[in-house]
Amino acid sequence: MIGVAILGAGDIANVHIEAYKQLEGRCKVVAIADLFQDKAQEKKEKYGLDCDVVGDYKELLDRDDINLVSICLPPSMHCQAAVDFLEAEKHVLCEKPMAPSLEECDKMIAASKKTGALLSIVAQNRFKPDIMRTRKLLESGALGKLYFAQANSFWWRGDNYYDLWWRGTWAKEGGGCTFIHAVHHIDLFLWLMGDVDEVSALVTNENHHNSEVEDVSLSMLRFKNGAVGLMAASLVHHGEEQRITIDGQNGSIEIPHKISVSRQMENGYPEDDTDARDALEKLFASEGDLSYQEHCGQIENVVSAIENGTSPLITGEDGRKTIEFISAVYQSAFTGEKVKFPMTAEDPFYTRNGVLNLATRFHEKTKSVENYADTGIKVGGTL
């Protein structure tokens, strides 16, 4: 039986607890830690957990009955908490985004390698059937040479969203829509398209006045496979639509799922090639379903990796790639220069101090509340 500790009792902790409860018999939540212990107690009672509640996660470091830790803390706290538990030889599943800087990501990865404890970063959208099928279709080469890809990570948040004490500041949250919201789609973009060669970006704050960070982000990029791409993130889109489109030599595929294939007529204009599209649809549908999906899918994958001594599908290195892209977006946006990959320790946005010193504060945060009511959150969007 794998003993689990939950660090942080905010809304996202609900998703983790519900996933662990689906895996009863293989794992059990034995502790919840939160500075506001009443929130942790509420979680214990809500889910009928037989677990301890503590205010300081350091009380859990030496417990022999804890094998795995779910880190559901604000991003600025991820690195220290992860390193503390990894060095205590506890496996770690850390919520996205991995950390506010590449330097912190590297510290987390180094701690994992030092002790051999597993480190996985949440990217639950990979564990959706149509996304897994899209990955397999691309791996097959059926689309031919890839030309162009676009990811739209469009959300809507009201001004009150940034009243929560840790949100809306570079120091505590670590960034805006690029870092917190588009992180889902950046992970998928890189997983589907491969590594990035260079990026140019613009970020701005259009409509959130209690926030230092951006609410709109636009990036142009070139992948190492030669394809070009666009990444757009927004918190001002009514409707909260997210979409990824990949155009190749033999067709286009979109998430949410759509396959299109065109052939040219005599004058060069397109007509549908239904036979070619049907062949791609058949290949797409040949990939089986998933027993567990989204957060539960990833948590089951991590639990299986611990049980079998294997690597999880999503590693610390995968989480680092996403943060590298986000760091490059900020570096390009705030310096006005194109950023080449890989980024190194010499890049100004490699460290947290570099981000804090060079990032634009779009507005001053003047309002702050300790907690909201537990009204739930959206974790998947429309993908």
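The values are calculated or read from the model by the stated rules, or taken from the named source; none is laboratory data. Being a predicted model, the structure only gives us computed values, none of them experimental. All Cβ positions, even for glycine, are placed from backbone atoms using ideal geometry, and neighbour counts span all protein chains on display.
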Any hit, the range 269-277, residues being touching a residue at least 40 places away in the same chain (Cβ under 8 Å) and either closer than 16 Å to Ile131 by Cβ or over 21 Å from the mean Cα position of the chain (by Cα) (or both): no
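How about the range 326-360: which of its residues are assigned to a loop (DSSP other than H, G, I, E, B), in contact with an Asp or Glu (Cβ under 9 Å, 6 or more places away or on another chain) and over 27 Å from Ile12 (Cα atoms)?
First, the residues of the range 326-360 that are assigned to a loop (DSSP other than H, G, I, E, B): 336-338, 341-351, 359-360.
If we keep only those that are in contact with an Asp or Glu (Cβ under 9 Å, 6 or more places away or on another chain) as well, we get 338, 341-343, 345, 350-351, 359-360.
Passing the criteria: Lys338, Phe341, Pro342, Met343, Ala345, Tyr350, Ala359, Thr360.
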Those residues of the range 24-61 which are among the small types (Gly, Ala, Ser) and within 26 Å of the chain's Cα centre (by Cα), in sequence order: Ala31, Ala33, Ala40
Qualifying residue in the range 159-168 (condition: crowded, with 17+ Cβ neighbours inside 10 Å, touching a strand residue (DSSP E or B) at 6+ places or on another chain (Cβ under 6 Å) and closer than 29 Å to His257 by Cβ): no
Entirely in the range 239-302, the strands (runs of 3 or more DSSP E) that have 1 or more residues that are surrounded by fewer than 18 Cβ atoms within 10 Å (Cβ to Cβ) and small (Gly, Ala, Ser): 258-260, 262-264
Subset tally (residues that are over 18 Å from the mean Cα position of the chain (by Cα), assigned to a loop (DSSP other than H, G, I, E, B) and either over 20 Å from Val303 (Cα atoms) or not basic (Lys, Arg) (or both)) for the range 75-102: 2
Any hit, the range 240-261, residues being aliphatic (A, V, I, L, M), under 25 Å from Trp170 (Cα atoms), within 21 Å of the chain's Cα centre (by Cα) and modelled with pLDDT of 95 or more: no
Tabulated pairs, the range 317-336, first under 16 Å from Ala151 (Cβ atoms), second at pLDDT 95 or above and basic (Lys, Arg), C-beta under 9 angstrom, 6+ apart or interchain: Thr322/Lys96; Ala328/Lys340
Pairs with Cβ under 8 Å, 6+ apart, first in the range 361-372 and within 16 Å of Thr204 (Cα to Cα), second loosely packed, with under 12 Cβ neighbours inside 10 Å and aromatic (Phe, Trp, Tyr): none
Verdict on Ser120 being of a type in the set (Gly, Ala, Ser) and part of a strand (DSSP E or B): yes
Criterion: assigned by TED's automatic domain parsing to the domain that holds Ala201, in contact with a Leu (Cβ under 6 Å, 6 or more places away or on another chain), hydrophobic (A, V, I, L, M, F, W, C) and assigned to a loop (DSSP other than H, G, I, E, B) - qualifying residue of Trp166, Trp170: Trp170
The range 7-19 residues that are in the same structural domain as Val302 (by TED's automatic domain parsing), paired with ones that are of a type in the set (Phe, Trp, Tyr) and in a helix (DSSP H, G or I) (beta carbon under 9 Å, 6 or more apart): Leu7/Tyr57; Leu7/Phe85; Gly8/Tyr57
Of all residues making up the range 217-238, the number that are basic (Lys, Arg) and either part of a strand (DSSP E or B) or at pLDDT below 95 (or both): 1
Meets criteria (among the hydroxyl-bearing types (Ser, Thr, Tyr) and in a strand (DSSP E or B)) for Ser70: yes
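Yes or no, residue by residue, for (1) on the phi < 0 side of the Ramachandran plot; (2) buried (at least 23 other Cβ atoms within 10 Å of the Cβ); (3) at pLDDT below 95:
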site: Lys113; (1), (2), (3): yes, no, no
site: Leu119; (1), (2), (3): yes, yes, no
site: Pro129; (1), (2), (3): yes, no, no
site: Arg135; (1), (2), (3): yes, no, no
site: Glu139; (1), (2), (3): yes, no, no
site: Gly144; (1), (2), (3): no, no, no
site: Phe148; (1), (2), (3): yes, no, no
site: Arg157; (1), (2), (3): yes, no, no
Long-range neighbours under 7 Å by Cβ, at least six apart or interchain, first residue polar (S, T, N, Q) within the range 215-232, second crowded, with 21+ Cβ neighbours inside 10 Å and part of a strand (DSSP E or B): Ser217/Ala201; Ser217/Val203; Ser217/Ala233; Ser219/Val199; Ser219/Ala201; Ser219/Met231; Asn225/Leu146
Residue in the range 84-99 that is farther than 21 Å from Pro312 by Cβ and surrounded by fewer than 24 Cβ atoms within 10 Å (Cβ to Cβ) present: no
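Residues are listed down the side, and each one gets a yes or a no for (1) out of contact with any Gly (no Cβ under 9 Å at 6 or more places or on another chain); (2) on the phi < 0 side of the Ramachandran plot; (3) in the same structural domain as Ile326 (by TED's automatic domain parsing):
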residue: Ala151; (1), (2), (3): no, yes, yes
residue: Leu192; (1), (2), (3): yes, yes, yes
residue: His208; (1), (2), (3): no, yes, yes
residue: Lys224; (1), (2), (3): no, yes, yes
residue: Gly239; (1), (2), (3): yes, no, yes
residue: Glu254; (1), (2), (3): yes, yes, yes
Test: residue in the range 38-55 that is closer than 23 Å to Ser304 by Cβ and not in a loop (DSSP other than H, G, I, E, B): no
